[in-house]
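Step one of this worksheet: look at the structure below.
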Amino acid sequence: MQSPPNLISPAPASPPVSPTATPPPPHHTTHWLRRADLFLRVIVRLYIGLILVFLPWTHVWAFNRFFLYYAHVARLMESGAVRGLVSGLGLLNLWIAISEAIRYKES
C-alpha cells in the first residue's frame, strides 16, 4: 500500500556554521524604551520600599483581617523583630532603587 503524500514540507537544512563566522549584531533598543524601563523599575521599587518601611508601624499592620483570624501569626507579626525585619527589607528596596537610578548610563 502506498502512503499518502506528505502535506507538510520538511524543515530546511541549516547551513553549516564555520568557526570563523561572526555573531549577529546585538539587538539595540531605543533610548526612550530603556529610560521608561528604568523609570518604572525605580518607581515601583520606591513605592514598595516605602510601604515596607512604614506599614509595620501603623495600625493597619496590627488590625488586619488575616491577623484577626490567626492569633498565632498575629503574635509573631506584632513582635518588634519581625517589624524591624520587614522595615529593613523596605530600606534595602529603597537603596536598590536609588543606586540603580544613580548608576544609569546611556550608551
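A few notes on this one:
- Test set (1) modelled with pLDDT of 90 or more; (2) in a loop (DSSP other than H, G, I, E, B); (3) not small (Gly, Ala, Ser) - residue 28 fails condition number: (1)
- Of all residues in segment 57-107, those being in contact (Cβ under 8 Å) with a residue 12 or more places away in the chain and of a type in the set (S, T, N, Q) number 2.
The values are calculated or read from the model by the stated rules, or taken from the named source; none is laboratory data. Note that the coordinates shown come from a computational prediction; the quantities given were computed from them, not determined experimentally. Cβ: placed from backbone, ideal geometry, glycine included. Neighbour counts: every protein chain shown.
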